[in-house]
Amino acid sequence: QTSFDSRAIQTKWQTRWAEADPFKAGGDEDTRPRKYVLGMFPYPSGDLHMGHAENYAYVDAVARFWRHRGYNVLNPIGWDSFGLPAENAAIKGGAGSDPREWTYNNIAQHKTSFRAFGSSYDWSRVLHTSDPEYYRWNQWLFQRLFERGLAYRKQSAVNWCPNDQTVLANEQVVDGHCERCGYEVVKKKLTQWYFKITEYADRLLDDLNQLEGFWPHKVLQMQRNWIGRSVGADIDFEIEGRDEKITVFSTRPDTLHGATFMVVAPDSDLAAELAEGASPEVQQRFRDYLDTVQKTSEIERQTADRPKTGVFLDRFAINPINGERLPIWAADYVLADYGHGAVMAVPAHDQRDLDFARAFDLPVKVVVDTTAPVTGAIPVIEVDEDGVPIGDDLESIDPARTGTALTGDGRLINSGSLNGLSKRNAIARAIEELTAAGTGRAAKTYRLRDWLISRQRFWGTPIPMIHTEDGRIVPVPDEQLPVVLPDAKGLDLKPKGTSPLGGATEWMTTVDPETGEPALRDADTMDTFVDSSWYFLRFLAPNGATEPFPTAEASKWAPVDSYIGGVEHAILHLLYARFITKVLFDMGLVDFTEPFTSLINQGMVLLDGSKMSKSKGNLVEFASSMDDPGADAVRVAIAFAGPVEDDINWEDVSTTGAQKFLARALRIAADVASPTDVVWAEGDAALRRVTHRLWADVVGLVEQSKFNVVVARLMELVNATRKTIDSGAGSADPAVREAAEAVAMVLDLFAPHTAEEMWEILGYEPFVGVVPWRQADPTLLVEESVTAVVQVNGKVRGTLTVPAKISGEELEQLARADEKVRRAIGDKEITRAVVRAPKVVSFTVA
Ligand code: ANZ
């Protein structure tokens, strides 16, 4: 018999769980310590697929683990149910189709699937972000951010997806393309709402250090790069014929003496203004150039090895450190919205500047001798009257000739008071001098941009602002929240560049809360990442009607102890949730500053080596898999397929093997012939050792997410138990019962239905899912040891006490290191070593 009626077992236990609700989180009467385990909540597009199965299998294993460890576990589930796919489905469905219907039908399907999967959720805490009871608190959050100056409107060139006809946040543009549909993103000048995440840039960056060791290092690194803090100086340059100075940001103020020209971003206001004062020909050339630049994507502009283009603006800046005149150019490798949209160009030490200088024949001046040593005592660099080091072969590394900028460390030359200093010291000195002179100051610049949250789509949270007739923009008063979405029926949802809500005339019309005069609502909806930025707190009281979440509950449960989900959220969702958590902290609503204490990123489930997705048509059906091979077999097979963080190829996942294993486990329980109060200590010692080694190791293994190893150890224990049953005292051996019980208790992490069935067969009341795990008996963990003899030229020269399972290699090492053996060998050489672990090592020496 290789299989069993998994369907019958599943139905039986799912019904009992639904009746008894054993996985509901305990309230205040529950004195156990708490753990909050959370899987990234699903988006309800279609049914669940195997990628979800993997994610939620691990979530469930972790939640069950903490319950077995004696914790009061909160493990809720909800749906991230606003968003484009619902709206697109409704558009496809034609007039009268409603994204709401599509969404809630899919959610119903998901709920059935999660029950079929055997997930141990607290079903009393379900939430959907598209419920007015939920999104009302998004609107509340928006108002709080607005009050604090963290929500604001501005006009700027935004990312626009021509296909979805909506703006996108920077985080939603992947390699220049729309994260959702893959269309190439273009720039469009629009007035939109932003959240001021940049105000939190330093904290978002610095607090990542707390997460080191608890989040995957790769994710921390991606967040660091995304925030992209650069440290350097702002330097002011006078412009001939202009009253105001221009300021540039530079990470290398030490190279100020090497600046030979200035470059401004052609699409900046500054460039337009500088060009204005120039001759008609220059103005024309500038306008033509700007035209081409505006058709070039930002990605392309940042490509390093692209030929440099630009126009001379016929204006000059004055270097504040030495009064030199620097020609000002406009070139597209300088970006308008980074730093100040202008740079001092130092071609000798910056590759982009060098490429430009060589293309337009501009001077190159070396100010850092990168051949000079920077460690040890500061060498005295002898310079000639031009400041060039005497006797140094700078010729061979001259960037003007080699085309390679000198970006490394070295000693400053040609730089007046900075001469002889290393790069680091020269940077510090330059900032001091600039500060003293009032022409510069220490400064930081970030890659991070404010979070654009307006969307020109229907299926999202309406932005709770009112546009008055006299042009004011005022918040909808709290007591009027939620601003509920109108009925989709009768609205044209087709993307047309403005929000479909604009067409809901009656809905759009409101009154100015201050004057009572007619006014209009804001027609845009919020980015759905607002919804998911705080949902983990809503689970603490999902039906609360007076506040987004109770602060007292948050301090009991949150932050989330284990957060589990895909690496695709490494930046977007995780960064936004971190930001909003810090805002809530500043508001005094939570007492922690990081939302997710530890993070597990599972790999992807691949089919034919590519990501499973509906659009690729390579989905393994979730619903039918729950019938055959069954939920437990799918979950065990996934957990066994490899380390959590690795991608899994579905072809390599053996559900048949998992089915056989589960059948074997169940048969062991059925074969147990001793009563529940049998004395284990009288059982077979060898089998007991296998059982207790599992108890000794399983906690550490789960804590390190080594689920595949746990499954392997369970398989080992099942095999060892079968061996004992088939020999000696057989199924009446107390060690067999002890082992079978251990299997049921640990198997519960991955195959809860089978585990509950075993537990019942073993004579216990349900539910094994809440039974505390056992401690390993230390006396059973001592490894068996044996005596090994070491011979030298046939004579016994030493004996060693070693573990019975020692490898030959280890044994030989111990033998060579043994004091007596070494004395016997003396200064002779070992010409031959014969090792028969664990008993004999025989050396031949000459
Ligand atoms: C002079 C200099 C000399 C620079 C040198 C670098 C090396 P990260 O590290 O990426 O922050 N820069 C400043 N604003 C810019 C803009 N809007 N578009 C393109 N480049 C810009 O880079 C900071 C450096 O990038 C700044 O330091 C500036 O060039 C340039 F040997 O100033 B540097």
Can you tell me the FRET efficiency between V679 and D647 if r is taken as the Cβ-Cβ distance and R0 is 45 Å, rounded to the nearest 0.05? 0.40
Mean Cβ neighbour count within 10 Å, used as a protection proxy, ranking 284-291, 394-401 highest first: 284-291, 394-401
Honestly the range 665-790 on the Cα gyration tensor test (a ≥ b ≥ c root eigenvalues; a/c under 1.5 rounded, otherwise a/b vs b/c for prolate or oblate) is just oblate
Would you please give the residues with an amide H less than 5 Å from that of K365, counting only those at least 5 places away or on a separate chain, with H modeled from the backbone geometry? A348
Average Cα contact separation per residue, the range 457-499, under 8 Å, 6 or more apart, as relative contact order %: 44 percent
Please list, or write none, the aspartates and glutamates whose alpha carbon is within less than 14 Å of the alpha carbon of K35, excluding same-chain residues fewer than 8 places away. D60, D122, E553, D561, E703
Report the residues of the range 314-355 in range of a label on E281: point 7 Å along Cα→C-beta, backbone N strictly under 18 Å from it. 314-316, 328-330
Cα gyration tensor of the range 9-59, axes a ≥ b ≥ c as square roots of the eigenvalues: rounded (a/c below 1.5), prolate (a/b > b/c) or oblate? oblate
Around N649, which amide H atoms from residues at least 5 apart in sequence, or from another chain, sit under 5 Å from its own amide H, with H modelled in the peptide plane? L606
At 0.36 nm per residue, minus the direct Cα-Cα distance, what do R325 and A95 gain on full extension? Give it in nm, one decimal, please. 76.2 nm
For the chain, the longest principal axis of the Cα atoms and the Cα long axis of helix 808-817 enclose an angle in degrees, to the nearest 10, of 80 degrees
Rounded to whole Å and sorted largest first, what semi-axes of the equivalent ellipsoid does the C-alpha gyration tensor of the range 275-316 yield via the square root of 5 times each eigenvalue? 23, 11, 7
20 Å reach of a label modelled at Q775, 7 Å along Cα-to-Cβ, counting backbone N of the range 691-731: 691-703
Gyration tensor verdict on the chain (Cα atoms; rounded if a/c is under 1.5, prolate if a/b is larger than b/c, oblate otherwise): oblate
Using the alpha-carbon centroid of each, what span in Å lies between the range 241-287 and the range 716-772? 77 Å
Extension reserve of the A623-E783 stretch, reckoned as 0.36 nm per residue once the Cα distance is removed: 53.0 nm
So, in nm, how far is label N793 from label T404 when the simple model puts each one 7 Å beyond its Cα toward the Cβ? 6.0 nm
So, by mean Cβ neighbours within 10 angstrom, what's the order for 459-468, 434-443 with the highest one leading? 459-468, 434-443
Which of the peptides 155-162, 138-145 is most tightly packed, and how do the rest follow, judged by the mean count of other Cβ atoms within 10 Å per residue? 138-145, 155-162
So what is the relative contact order of the range 1-150, in percent, for Cα pairs below 8 Å that sit 6 or more residues apart? 29 percent
Mind giving me the nanometre distance, one decimal, between the label points for E716 and R449, set 7 Å out from Cα along Cα→Cβ? 5.3 nm
Please list, in order, the residues from the range 49-78 whose amide nitrogen is less than 19 Å from a point placed 7 Å along the Cα→Cβ vector of E568. 49-59, 78
Can you compute the FRET efficiency between Y183 and A304 using 1/(1 + (r/R0)^6), with r the Cβ-Cβ distance and R0 = 22 Å? Round to the nearest 0.05. 0.30
Under the Karplus curve 6.51 cos²θ - 1.76 cosθ + 1.60, θ = phi - 60°, whole-Hz ³J(HN,Hα) for the range 689-700, x wherever Gly or Pro sits: 5, 5, 4, 6, 5, 4, 4, 5, 9, 5, 5, x
Would you kindly derive the ³J(HN,Hα) couplings of the range 487-495 from the backbone phi angles with the Karplus curve 6.51 cos²θ - 1.76 cosθ + 1.60 (θ = phi - 60°), listing them in order in whole Hz, with x for Gly and Pro? 5, 6, 4, x, 9, 8, 8, 4, x
From Cα pairs below 8 angstrom and at least 6 apart in sequence, can you work out the relative contact order of the chain, rounded to a whole percent? 14 percent
Of the listed pairs K660/K706; K308/K444; K188/K494; K295/K494; K154/K295; K24/K111, those with alpha carbons more than 18 Å apart are K660/K706; K308/K444; K188/K494; K295/K494; K154/K295
Compute the angle between helix 707-725 and the longest alpha-carbon principal axis of the chain, please, reported from 0 to 90 degrees and rounded to the nearest 10. 10 degrees
Using Cα atoms only, what is the angle between the long axis of helix 84-93 and the major principal axis of the chain, expressed in degrees (0 to 90) to the nearest 10? 90 degrees
R229's amide H: which non-local residues (gap 5+, or another chain) put their own amide H closer than 5 Å, with H modeled 1.01 Å from N in plane and none for Pro or chain starts? R447
Expressed in nanometres to one decimal, the distance between label points 7 Å along Cα→Cβ at V474 and R441 is 3.7 nm
With 10 angstrom as the radius, rank D131, D487 by how many other C-beta atoms surround their C-beta, starting from the fewest. D487, D131
Could you calculate the FRET efficiency of L190 with D361 from 1/(1 + (r/R0)^6), where r is the beta carbon distance between them and R0 is 35 Å, rounded to 0.05? 0.30
Between K489 and V845, what is 0.36 nm times their sequence separation minus the Cα-Cα distance? Round to one decimal in nm. 118.8 nm
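Each value in this text was obtained by applying a stated rule to the coordinates, not by laboratory testing. Keep in mind the model is a prediction, meaning the values are calculated, not measured. Glycine gets a Cβ as well: all are built from the backbone with ideal geometry, and neighbour counts include every protein chain shown.
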